[in-house]
Structure formats: C-alpha cells, structure tokens
1. Out of (1) out of contact with any Leu (no Cβ under 7 Å at 6 or more places or on another chain); (2) within 13 Å of ligand 1 (Cβ to nearest atom); (3) modelled with pLDDT of 95 or more; (4) within 21 Å of Lys199 (Cβ to Cβ), the odd one out for Phe136 is which?
2. Scan segment 99-121 for residues that are in a helix (DSSP H, G or I) and β-branched (Val, Ile, Thr) and report the count.
3. Against the conditions (1) more than 17 Å from Glu242 (Cα to Cα); (2) modelled with pLDDT under 95, where does Pro356 fall short? Just the number, please.
4. Test of understanding: among Gly200, Gly195, Gly240, which residue is closer than 21 Å to Ala76 by Cβ and either away from ligand 1 (no atom under 16 Å from the Cβ) or modelled with pLDDT of 95 or more (or both)?
5. Checking the conditions here, which among Thr70, Thr59, Thr77 is among the β-branched types (Val, Ile, Thr) and either surrounded by fewer than 18 Cβ atoms within 10 Å (Cβ to Cβ) or modelled with pLDDT under 50 (or both)?
6. Condition test on Thr340, is it of a type in the set (S, T, N, Q) and closer than 23 Å to Met219 by Cβ?
7. List every residue pair whose Cβ atoms lie under 6 Å apart, where the two residues are 6 or more positions apart in sequence or sit on different chains, the first residue falls within segment 189-209 and is acidic (Asp, Glu), and the second residue, located anywhere, is in a loop (DSSP other than H, G, I, E, B).
8. Checking the condition farther than 20 Å from Ala125 by Cβ, touching a Gly at 6+ places or on another chain (Cβ under 9 Å) and surrounded by fewer than 24 Cβ atoms within 10 Å (Cβ to Cβ), which residue from Glu322, Glu272, Glu331 passes?
Amino acid sequence: MGRARGPRGLGERRRLGAAARFAALLALALPACGPSGPEAGAGEAAAGEQVVSRLALGTLVSVVVRDPDTARGRAATERAFAEIERLEGLLSEWREQSEISRLNAGAGGPLQPVSADTRDLLVAARRLAEESGGAFDPTTLPLVRLWGFAGGEPRVPSAPEIEAARRLVGWEAIELDASGTKARLAAAGAAIGLGAIGKGFIADRVLAGLRRDGVPAAMVRASGDLAFYGGTADRPWPVGVEDPAHPGEILAELDLLGGGVSTSAPTWRRFEADGRVQHHILDPRTGSPARGARSVTVVAPDATRSDAFSTALFVLGSAAPEFVRAHPGIEAVILLEDGTRWASQGLAVRWREPLP
Ligand code: AMP
Ligand code: MG
C-alpha cells in the first residue's frame, strides 16, 4: 500500500465551477481529519449526498453516499472506515505486523497462513501482473526501496545496484498453496508492495460493504483511485481528470455510472537528477522511472483493475494506447510526455483547453 501519493489524478477543478456536477470530487475539498470522530470532515457535498473524509491508507479517503435514509448512510459509512482500517492492517507493507510484511520478512522461506482477504488480493495482483505483461508487478518493492521512494532520501542508484534489485522483481515468486490459505514469496530478498493496487482493492471491498448495507449509490475515493456504483443517466458520478502540469485543474471530464477509475501521474514524489525528472513509477524491465507518459487514467469494471492498469499503462508509456485498443474492458485517458492527448473510443470524454 502506498503512502500519501502525489497526484490526485482525479481532481476538483475550475474550482468545481458547477458545484453540483462535481459533487463527488468536492469531497476532497473537505478537511482531512483523523479517526477522532465521524463528524469532523463530514458534510453535504450536494443535495442528498453525505461525505466523510478521513486520513487512511496514507492519504485522504472520502466516502460519499447517496441515500435518502441518512441514518443508514451514516452507519454504513462508519462501517466503511472500520473496514478500511482492518484491511490496511492486513495488507500494508508499511505496517510491520501486516500479513504482507510477514510474507516479505519470510521471503525464500516456507508457506505461511494468510487470510482470505490477503489471498484474494495476491490472486488479483498475480493475474493483473500477468495480464499487463509484467508492467504492473506487485514485487517491484526492492526497486522502490533502492530509489528511496519507500522512505528516506530519493536518489539515483548505480547501474549495478539497479541490476541487483531488478533481479529480485518477478510476480511469479508469489506462491499460493492449492487450498488458498497459505502463501509465500519463493525468492529470498523479494518483497511485495501493494502501492499500485491496494487502494483500488480496498475501495472495491468497501463499496461491496456499502451495497450490502443497502445504500443505493456510493463512491469511495482514495487519492487517485475511485470506486463507485449506483449512478444513473439522470445523476451519474462526475469524474475529472487532473492536468498533471497544473495540479488542481481539470483537463478532461466524464460521467460514469459505476466501476473503478484510477490515475497514475507522478506529480508529487519526484526529484530532478541527471538532467531529468525521476519519479516513483518504475519500469520493472529497466529498473528505472517509466518514461513516455505524464498521466494515465483508467476506467474499468472495478477499482482493483483500474488501479493496477493505471500503473501498468503508465509504465507502457507511448505503447499504452495500443495496449488499451487490444484489451476490451479497460478504457483510458492518456497524456503522453510529448503533449499528445488520447482517450479510448468507449469513453465520452469532454476535454478542456489546458492552461498555458
Ligand atoms: P500508482 O500510483 O497506483 O501508479 O502506484 C505507484 C506506486 O506503486 C509506487 O509509489 C510504488 O510504490 C509502486 N510501484 C512503482 N512502480 C510499480 C510497478 N511497475 N508495478 C507495481 N507497483 C509499482
Ligand atoms: Mg495503480
């Protein structure tokens, strides 16, 4: 799981001029608050919408519910944040006691028991790593650490250091036993980091809980990852794609009814060295920051998928549009480093003129 990640790929913009349209994203404008109480950071985003925003998953998480039964919506939102905390405790590589940290500590050793939640995420991560041809790889953590993006001072490592860390990367090292109750990392020194998929996965889980609780329409947002359901033609969920050159400004808008939307755009965790921008989305093939894309937003049936693929497509860079065309079920809005803007045909994107 990541720490506060830079970009809000999907942002509130033009100061959300049409306030009602951007109601869902307005949640972001609410003050962040700790787990001190549900009321702080809670509010009405738009008529009939309740929003609660809290710090979780290393970022600001907002839960938006559209529920005429406000008491039910409120109770469901409380359960949603409790579920986020529970899952973070299992899945975060930043928490020493998490199941993922235990798998990392035991890399190269025997199978260890894992919960059904951890298993489900590992199964999804393996599948999406394979589908993306390894562009998304949940075992990229040794490289992320080497570059200093997992804490400490970011730096450009030497070529032999990169090569040594790169050899530790490979999702095939994640092994699950046939019963699905045990897992291990087969390679000593390998490590799982879920920064590119965990927020989407947790958003999906939380959404499933809100549905079970009877909430008719809801959205969960964790930094650049959104999961939502229950939008209608009359009242869709409005989504804005942030301009990576002007954080806070919207470059494209689209209306969606349900699914997952994620943006990968390293506008925050970055530094300049060797005459170029270095950042935290790493290409497992080279061991260095991915080149070619500036921002990738993926729309998919769920946020686990959109999260993993936004990272994968960012890594693929200029080859990303071709990948999207060849993979039904994912749609994307892509901004390349050369200034090209691209959106897949299945999306009704409304572009805005970029600021100078
Ligand atoms: P995202 O913002 O979803 O694109 O995730 C980026 C985060 O995932 C980084 O901060 C790293 O912790 C991790 N990461 C970097 N490169 C990769 C990669 N190629 N595959 C999987 N995770 C990655
Ligand atoms: Mg991602």
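The values are calculated or read from the model by the stated rules, or taken from the named source; none is laboratory data. No experiment lies behind these values; they were computed from the predicted model shown. Quick reminder, even Gly has a Cβ in these numbers, built from the backbone with ideal geometry, and neighbours come from all protein chains shown. Note: areas computed on protein heavy atoms with side chains; ligands, DNA, RNA excluded. Shrake-Rupley method; radii C 1.70, N 1.55, O 1.52, S 1.80 Å.
1. (1)
2. Number of matching residues: 2.
3. (1)
4. One residue alone meets the criteria, Gly200.
5. None of the others qualify; the one that does is Thr70.
6. no
7. Asp204/Asp302
8. Residue meeting the stated conditions: Glu331.
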